[in-house]
1. Restrict the check to region 44-60 and report whether at least one residue is touching a residue at least 24 places away in the same chain (Cβ under 8 Å), of a type outside the set (V, I, T), away from the ligand (no atom under 15 Å from the Cβ) and over 17 Å from K1 (Cβ atoms).
2. Could you check region 78-191 for strands (runs of 3 or more DSSP E) lying wholly inside it with 3 or more residues that are modelled with pLDDT of 95 or more and within 20 Å of N39 (Cα to Cα)?
3. Scan region 1-13 residue by residue and report those that are in contact with a Lys or Arg (Cβ under 8 Å, 6 or more places away or on another chain) and near the ligand (Cβ under 10 Å from one of its atoms).
4. Give me a count of the residues in region 14-36 that are outside any loop (DSSP other than H, G, I, E, B) and either surrounded by fewer than 17 Cβ atoms within 10 Å (Cβ to Cβ) or away from the ligand (no atom under 13 Å from the Cβ) (or both).
5. For region 129-141, which positions are more than 10 Å from the ligand (Cβ to nearest atom) and within 14 Å of the chain's Cα centre (by Cα)?
6. Please work out which residue is nearest to the ligand (Cβ to nearest atom), limiting yourself to region 71-128 and to residues that are touching a residue at least 24 places away in the same chain (Cβ under 8 Å) and of a type in the set (D, E).
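The values are calculated or read from the model by the stated rules, or taken from the named source; none is laboratory data. Please read these numbers as outputs of a predicted model, since none were measured by experiment. Cβ sites come from the backbone with ideal geometry, for glycine too, and all protein chains shown count toward neighbours.
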Amino acid sequence: KARLAILLSGRGSNMLAVVRATQTGVLRELAEVVVVFSNKPDAPGLEAAGALGCPTAALPSQGRKRAEFDAEAAALLQQYRPDFVVLAGYMRILSPAFIQPFAGRILNIHPADTHQHQGLHAYEWAFDNRLPATKITVHLVDEGLDTGPILAQQAVDLRGADTLAEVERRGLAVEHELYARALADLIKTGP
Ligand code: GAR
């Protein structure tokens with residue numbers, strides 16, 4: 001089975017979707033979650049992961065120099081020997097110190113087409129511009145901001161979505177399905 005390290009900073013709904021997929025979904029037989037890691041020790045997603053029986057680890061990033069923190073986080077994660085590092089609402093830009101040890105094996109999910117929107121607040125962007133649709137993107141992480149090769153995309157119909165909450169609800173439903181499926185495809189074909 002492929003060993004997954006999941007990284008989060010907040011709620012962790014994508015983490016939950018991936019963990020569930022390893023237990024009873026498309027990642028069963030294919031992957032196991034070896035650690036859920038956060039740069040925020042009080043992230044709700046970390047507690048949720050623990051409740052599901054996943055090993056958890058945290059290293060506070062607040063007040064730390066980026067390169068130093070990233071080197072320490074990478075060293076910590078390497079102890080778990082992950083095949084893939086799965087970013088799930090991990091709200092940090094990764095420096096080369098973090099990317100190098102896992103190059104080509106770090107995935108991210110972005111709630112927009114990364115060719116059209118990068119960085120934070122992608123659902124606000126779609127809502128404010130009254131877009132009729134947006135496109136959830138799973139991509140490999142390189143040293144740019146949301147610039148890595150795209151692995152999978154799926155459109156979300158936003159027609160009639162009158163509130164930001166409704167835009168997010170529709171988008172997250174697609175995120176949760178797409179992330180597990182993209183991981184399964186990647187594991188089957190190899191990194
Ligand atoms: C998700 O919508 C994810 O796509 C987004 O943050 C949210 C995390 O939610 N990520 C980004 O915007 C990255 N630029 P979650 O903690 O419930 O998975």
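1. no
2. 84-87, 106-110
3. S9, G10
4. 10
5. H139, L140, V141 - these are the residues of region 129-141 that are more than 10 Å from the ligand (Cβ to nearest atom) and within 14 Å of the chain's Cα centre (by Cα).
6. Filtering first and then ranking leaves E124.
Residue-wise test of (1) of a type outside the set (A, V, I, L, M, F, W, C); (2) over 26 Å from T189 (Cα atoms); (3) out of contact with any helix residue (DSSP H, G or I) (no Cβ under 7 Å at 6 or more places or on another chain).
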| site | (1), (2), (3) |
| --- | --- |
| E29 | yes, no, yes |
| P44 | yes, yes, yes |
| A57 | no, yes, no |
| G63 | yes, yes, yes |
| P82 | yes, no, yes |
| L87 | no, no, yes |
| L94 | no, no, no |
| P111 | yes, no, no |
